[in-house]
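The values are calculated or read from the model by the stated rules, or taken from the named source; none is laboratory data. For clarity, every value in this text was computed on a predicted model and none was experimentally measured. Cβ placement follows ideal geometry from the backbone for every residue including glycine, while neighbour counts extend to all protein chains displayed.
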Amino acid sequence: MNKIKNLLSQHKIAAVLSCAAIILLLAVGAIVLKPQNNANLLVNVAPTDAKIVIAGQTYGNGMLRNMTPGHYVADIVKDGFESKTIEFDLKNDEVVYVNEYLIQSDLGFDYYETDSGSLLVLREYAEAHEDDAELKSFLENYEKKRTIVNILPLEYKDEITGGFYKVDYMEKNLACKKNYCITISTNDDIYTEAAFAAMKAHGYDLNDYTIIDLSDRCD
């Protein structure tokens with residue numbers, strides 16, 4: 001009788017263990033089969049305080065982790081700037097890099113001249129998109145302005161004759177319809193030529209700038 005009870009008890013234990021093993025296997029299988037949200041999106045847009053709106057959620061620059069894989073349509077926005085809509089696909093265990101920029105409809109790229117952080121984003125974008133002629137032109141001209149501002153004003157005065165010249169930079173205004181203008185003030189044509197020679201000696205091509213002669217305003 002005791003042997004029968006022992007056998008029944010062993011069968012019960014075995015049955016319980018079998019059920020537990022089945023439940024464990026099903027749980028593990030469910031975990032394995034469940035889709036994992038392990039896609040990543042690196043956002044690097046200019047201006048750096050612009051926002052990217054994805055599925056109704058607003059984010060700033062940086063890494064967005066553990067996103068759901070799939071196809072996305074997103075808007076890049078900032079007050080006062082033209083918004084931009086982009087599309088991208090996210091996959092698990094991959095990082096998608098979004099590098100974009102916005103411009104102001106009335107001022108173009110002017111904003112970036114005073115925002116060095118956003119300017120870095122522009123330069124990175126330009127390296128990856130060599131066909132963006134408008135951006136390339138802005139960056140080239142900005143470099144001309146940046147370097148020339150560093151050396152200006154250039155001034156000279158002859159203590160014996162009183163002849164002089166002064167070369168300076170002029171911000172964009174009614175007289176300077178382009179972004180990069182320089183002014184020359186002198187009291188003699190000889191010193192005008194001397195001013196041009198000084199510019200060339202510093203490595204500048206005068207054809208790159210609009211030159212505004214202010215000599216007639218000098219005493």
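Observations, loosely collected:
- When the range 130-145 is filtered for residues that are loosely packed, with under 13 Cβ neighbours inside 10 Å and farther than 16 Å from N207 by Cα, the ones remaining, listed by number, are E130, D131, A133, E134.
- Counting only strands (runs of 3 or more DSSP E) that sit wholly inside the range 126-206, those with at least 1 residues that are under 23 Å from L107 (Cβ atoms) and at pLDDT below 85 are 164-170, 181-186.
- Selection status of R123, more than 30 Å from A198 (Cα to Cα), in contact with a helix residue (DSSP H, G or I) (Cβ under 9 Å, 6 or more places away or on another chain) and of a type in the set (K, R): yes
- Subset of the range 42-77 (residues that are on the phi > 0 side of the Ramachandran plot and in a loop (DSSP other than H, G, I, E, B)): A55, G56
Every residue, every condition in (1) exposed (fewer than 14 other Cβ atoms within 10 Å of the Cβ); (2) in contact (Cβ under 8 Å) with a residue 12 or more places away in the chain; (3) in contact with a strand residue (DSSP E or B) (Cβ under 6 Å, 6 or more places away or on another chain), yes or no:
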| residue | (1), (2), (3) |
| --- | --- |
| S118 | no, yes, yes |
| I151 | no, yes, no |
| K157 | yes, no, yes |
| G162 | yes, yes, no |
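- Candidates are the residues of the range 54-84 that are β-branched (V, I, T) and surrounded by 11 or more Cβ atoms within 10 Å (Cβ to Cβ); the one that is nearest to V98 (Cα to Cα) is I76.
- Hey, V167 assigned by TED's automatic domain parsing to the domain that holds A201 and aliphatic (A, V, I, L, M) or not: yes
- Matching residues in the range 78-112 - criterion: being without any contact (Cβ under 8 Å) to a residue 40 or more places away in the chain and not in a strand (DSSP E or B): K78, D79, G80, F81, E82, S83, I103, S105, D106, L107, F109
- Only listed residue being farther than 26 Å from N92 by Cα and at pLDDT below 95, chosen from I23, I31: I23
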